[in-house]
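Q: First, the structure itself, so that you have it in front of you.
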Amino acid sequence: MYRYDEFDADFVRDRVARFRSQVDRRISGALTEDEFKPLRLQNGVYLQLHAYMLRVAVPYGTLNSAQMRQLAMIAERWDKGYGHFTTRQNIQFNWPTLKDIPDILDALADVGMHCIQTSGNCIRNITADHFAGAADDEIDDPRPTAELLRQWSTDHPEFAYLPRKFKIAITGSPNDRAVTKAHDIGLRMVRNDAGEPGYEVIVGGGLGRTPMVGKVIRDFLPKGHLLPYVEAILRVYNLLGRRDNKYKARIKILVHEAGLEDIRAQVEADFAHQMAAEGGPMVAPDADEVARIAGYFTPPAWDDLPEEDAGYMAARAADPVFRAWTDVNLAAHRRPGYAIATISLKPIGAAPGDASAEQMRVIADLAETYGHDEIRVSHEQNVVLPHVRKRDLPAVHRRLREAGLATANVGLISDIIACPGMDYCALATARSIPIAQDIAQHFSDPDYARTIGEMKIKISGCINACGHHHVAHIGILGLDRAGRENYQITLGGDHTETLAIGERAGPGFDADQVVPAIERLVDAYLALRDGPEETFLMALRRLGIAPFKVALYKDGEHDRAA
Amino acid sequence: MAKPFRPKIVSANDLLSGDVVYLDRAGTWTRRLDAAAVAETPGAAEDLLAVAATQPDQVVGPYLADVARPHAGSPPLPTHLRERIRDRGPSTRPDLGRQADLADDPGSLFAGDGI
Ligand code: SF4
């Protein structure tokens, strides 16, 4: 993985020192809160319901064991013993005190981490496929591109005060696990007819109060042209994006209002202007730099192994619990004899995405011992060991079980995305976590969950949609109705390459009516599906939303006043 | 018709710790909601906020929150779930927040019905 050079390290240390002085001045009264707030936000420090919250950037969701251990240390020393992994592949600490935060930032810098650009109207942490460099369906590894974008976007002087925040996601696989069509810019690595690598560039996607599917602005962008092209998009957005209305300030609104053709023409004009500059575009990296970055992402020293391992097969045959975990939590690795193992951070009844310091250490140990020292955070709030020899899987599973991390539910109904909601978040209109916990408890029988099959439930505690509810098979949005939590259900969303925004089913439900509502939907699906191969989403697409709405609202079992 | 005035308290977060705090009758900050000064009129609420505004380096973001008083003079209770959660801690983690130190019935400190 990428390691900071001296420039990166000095930059981060300098920012910590500056922030330390800003905190001192705030505490002494030399800075007012109005003056201090933008400074703390630039360093990832929010104020939530109970305390400050520190959002740590995990670039494209990639961590090594030393970094994970440092996060565990921070959780124990300065927080309350746990952290929360988010849909942005980041981690948040919920309880730091203001005066400790500079020390936390120094501890992060010790392992090449920081909180810069995790807030504010700037280019945020670049997200990527969490199976990058390991997936067997990958065309190209997206991480060198993500790293190039990280370096380009960090402290970019022109784009520090955009109309609104800006999120870029990238996938190197045709099976999109990075939700690229729901980002301000989505990049899909493709090859043209001549077999040359490049990107399909998608613009103007997003969730939040106005969900939109991103549109293809360029079918094929040669790899070397990426930075000038992305720079052109940002420049057009920076110039034309609305600054008069926060709710209309994202690039999705600009693309929607101006029209894709208009935006494309302006982007292409700026791009052409850059390309015509003497000596080429200023932001295009030279080949040496591209090669230097790529060098950090060469595959680990994999062993030459047969595809199947006798010990692994024997363990599968002997232990049904292990077998269930391997059936559900593993994904195909590009290398024979290896697997991608997803560690579910959704134990039944726990808060989705939370991990204790002790669990973080177990994950770090496993990555170091069995996983080429690589860890990924997925936008689905799980953690991934991308390169595990199949023969090591029984030992990995044993250790995970001891740590309460071996839940076999990845992709199933209890693998729920849930934002922090009103249990933590100052913007929330309702709680998310208890709803996720109730649903997971209700569907805790692993055999039943597997009978239901692939199911994506995602919950947001307000219209900002951090829980990605719009792109869930069953989306749940928590609202406040006259001081009471009320949950709106959307159906038929899809977060993959066939991205779709779910359709609102009808009136919302009281908190205690959400589980029965989900149960009615599941019952309807099981009754209506063609067979186990037809997933909930497939059945919904075949049949339309109508029969599911009938099931959902049969007997008037919703809150009629909604 | 104008909505009837609901009693109010001033809440904020402590600058250093981020803890939830309330303005008390002495004009200082307490972590106990039941010790918060209660404004029974719009004018009194304005006055409380004005007191809070004189202490910008102790707390962040003071604001007025609705409370209920089941009996005249009894300690204020939050009326909205958000304030209840701020007062007690995350509803999913009874081991965290002020609720971890409270022995009383979890239902007894809330006047709303959203939970
Ligand atoms: S969706 Fe709303 S409640 Fe949930 S984390 Fe985002 S802002 Fe907070």
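The values are calculated or read from the model by the stated rules, or taken from the named source; none is laboratory data. Only a predicted model underlies this, so the values are computations on that prediction, with no experimental measurement involved. Here the Cβ is made from the backbone with ideal geometry for all residues, glycine too, and neighbour counts use every protein chain on show. What goes into the accessible areas is simple: the full protein's heavy atoms, side chains included, and nothing from ligands, DNA or RNA. Shrake-Rupley method; radii C 1.70, N 1.55, O 1.52, S 1.80 Å.
Q: Please sort through the DSSP H helices of chain A and keep those with an alpha-carbon extent of at least 18 Å along the long axis and a Kyte-Doolittle average not below 0.5.
A: A:226-240, A:514-528
Q: Hey, got the dipole for region A:451-501? About the Cα centre, +1 on K and R Cβ, -1 on D and E Cβ, debye to the nearest 20? Show your work: numbers first, answer last.
A: Numbers: 4 positive and 5 negative charges, 38 e Å.
Its charge dipole is roughly 180 debye.
Q: Find the centroid of the Cα atoms in region A:486-512 and in region A:216-238, then give the distance between the two in whole Å.
A: Here the two parts' Cα centres lie 32 Å apart.
Q: Sum -39500 (n - 2.57) across every DSSP H segment of at least 4 residues in chain A, then divide by the residue count to get the 222 nm mean residue ellipticity, nearest 500.
A: Mean residue ellipticity at 222 nm (helix-derived): -11000 deg cm²/dmol.
Q: Under the classification rounded if a/c is under 1.5, otherwise prolate if a/b is larger than b/c and oblate if not, where does region A:107-261 fall, given a ≥ b ≥ c as square roots of the Cα gyration tensor eigenvalues?
A: Here region A:107-261 falls in the oblate category.
Q: Over region A:15-129, with every protein chain in place, what whole percent of the accessible area is carbon and sulfur at 1.4 Å, could you tell me?
A: Looking at region A:15-129 in its full context, I get 48 percent from C and S.
Q: Running a GNM on chain B with Cα contacts under 10 Å, which residue among B:D95, B:D19, B:D87 ends up with the highest mean-square fluctuation?
A: B:D95
Q: Looking at region A:307-415, which GluC sites (Glu not before Pro) are in a loop (DSSP not H, G, I, E or B) and have at most 15 other Cβ atoms within 10 Å?
A: Sparse-neighbourhood loop GluC sites (Glu not before Pro): A:E307, A:E308.
Q: Right, here's the next one. Label points 7 Å out from Cα along the Cβ direction at A:A546 and A:D5: separation in nm?
A: 6.2
Q: Grab the other residues whose beta carbon is less than 12 angstrom from that of A:A109, score K and R as +1, D and E as -1, and report the net. Walk me through the intermediate numbers first.
A: Details: positive: A:R13, A:R15, A:R20; negative: A:D8, A:D10, A:D14, A:D103, A:D106, A:D110.
Net of charged neighbours comes to -3.
Q: Now, a different point. Give me the dipole magnitude in Debye, nearest 20, for chain A about the Cα centre, with unit charges on the beta carbon: positive for Lys and Arg, negative for Asp and Glu.
A: On the way: 65 positive and 78 negative charges, 305 e Å.
Dipole about the Cα centre, nearest 20: 1460 debye.
Q: Just checking the output field for A:423-431: average partner chain Cβ neighbours within 10 Å of each residue's Cβ? Intermediate values should be presented prior to the final figure.
A: On the way: counts 8, 5, 0, 4, 0, 3, 2, 3, 8.
Mean shielding count: 4.
Q: In chain A, what percentage of the DSSP-assigned beta bridges are antiparallel, given to the nearest 5?
A: Approximately 80 percent, going by the DSSP bridge assignments.
Q: For region A:417-556, with every protein chain kept in place, what is the accessible area per residue (1.4 Å probe, Å²)?
A: 35
Q: So how much accessible area does A:F220 have, in Å² to the nearest 10, using a 1.4 Å probe?
A: 50
Q: Compute the Cα gyration tensor for chain A, then decide on rounded, prolate or oblate, letting a ≥ b ≥ c be the square roots of its eigenvalues: rounded whenever a/c is under 1.5, prolate when a/b is larger than b/c in the other cases, and oblate in all that remain.
A: Verdict is rounded for chain A.
Q: Let's see if you can work this out: charge +1 on each Lys and Arg Cβ, -1 on each Asp and Glu Cβ, no other charges. What is the dipole magnitude of chain B about its Cα centre, in debye to the nearest 20?
A: Working: 13 positive and 16 negative charges, 46 e Å.
Computed about the Cα centre, the dipole is about 220 debye.
Q: Ok, one more. What does the charge count around A:E503 come to, taking other residues whose C-beta lies under 13 Å from its C-beta (Lys +1, Arg +1, Asp -1, Glu -1)?
A: On the way: positive: A:R504, A:R541, A:K549; negative: A:D494.
Residues close to A:E503 contribute a combined charge of +2.
Q: Would you tell me the accessible area of A:E519, worked out with a 1.4 angstrom probe on the heavy atoms of the protein chains, in Å² to the nearest 10?
A: Rounded to the nearest 10, the figure is 70 Å².
Q: Could you work out how far the C-alpha centroid of region A:64-138 sits from that of region B:1-45, in angstrom?
A: 35
Q: Return the subset of A:K80/A:K165; A:K80/A:K390; A:K246/A:K458; A:K99/A:K252; A:K246/A:K549; A:K80/A:K248 for which the Cα-Cα distance in this structure is over 27 Å, preserving the input order.
A: In this structure, A:K80/A:K165; A:K80/A:K390; A:K99/A:K252; A:K246/A:K549; A:K80/A:K248 exceed 27 Å between Cα atoms.
Q: Going by a 4.7 Å Cβ-Cβ cut-off, which cysteines of chain A have no partner at all?
A: Lacking a cysteine Cβ partner under 4.7 Å: A:C115, A:C122, A:C425, A:C462.
Q: Which residues of region A:45-72 bury at least 40 Å² of accessible area once all protein chains are present, versus their chain alone (1.4 Å probe)?
A: Relative to the lone chain, where solvent access is computed with a 1.4 Å probe, region A:45-72 loses at least 40 Å² at A:L47, A:L49, A:H50, A:Y52.
Q: Could I ask something else about it? In terms of solvent-accessible area of protein heavy atoms at a 1.4 angstrom probe, what is the ranking of A:W325, A:W78, highest value first? Working shown, then result.
A: On the way: A:W325 0, A:W78 30 Å².
Solvent-accessible surface, decreasing: A:W78, A:W325.
Q: Could I ask something else about it? Going by the alpha-carbon gyration tensor, a ≥ b ≥ c the square roots of its eigenvalues, is region B:8-111 rounded (a/c under 1.5) or, if a/c is not under 1.5, prolate (a/b greater than b/c) versus oblate?
A: Working: a/c = 2.14, a/b = 1.24, b/c = 1.72.
Oblate.
Q: Still on this structure, please answer the following. Net charge around A:I348, counting only other residues with Cβ within less than 12 Å of its Cβ (Lys, Arg = +1; Asp, Glu = -1)?
A: Numbers: positive: A:K346; negative: A:D415, A:D438, A:D445.
That sum, taken over residues with Cβ under 12 Å, equals -2.
Q: Residue by residue through region B:19-36, which ³J(HN,Hα) values in whole Hz follow from phi under the Karplus form 6.51 cos²θ - 1.76 cosθ + 1.60 (θ = phi - 60°), with glycine and proline marked x?
A: Using θ = phi - 60°, the values come out as 4, 6, 9, 10, 7, 9, 5, 7, x, 10, 9, 10, 8, 9, 4, 6, 9, 6 Hz.
Q: Take the alpha-carbon centre of region A:256-305, take the same for region A:338-394, and report the distance between them in whole Å.
A: Rounded to whole Å, the Cα centres lie 32 Å apart.
Q: Heavy atoms of the protein only, probe of 1.4 Å, neighbouring chains included. What is the accessible area of B:E40 in Å², nearest 10?
A: Probe radius 1.4 Å; accessible area of B:E40 about 90 Å².
Q: Please compute how much accessible surface disappears when A pairs with B, both sides summed, using a 1.4 Å probe, and round it to the nearest 100 Å².
A: 2300
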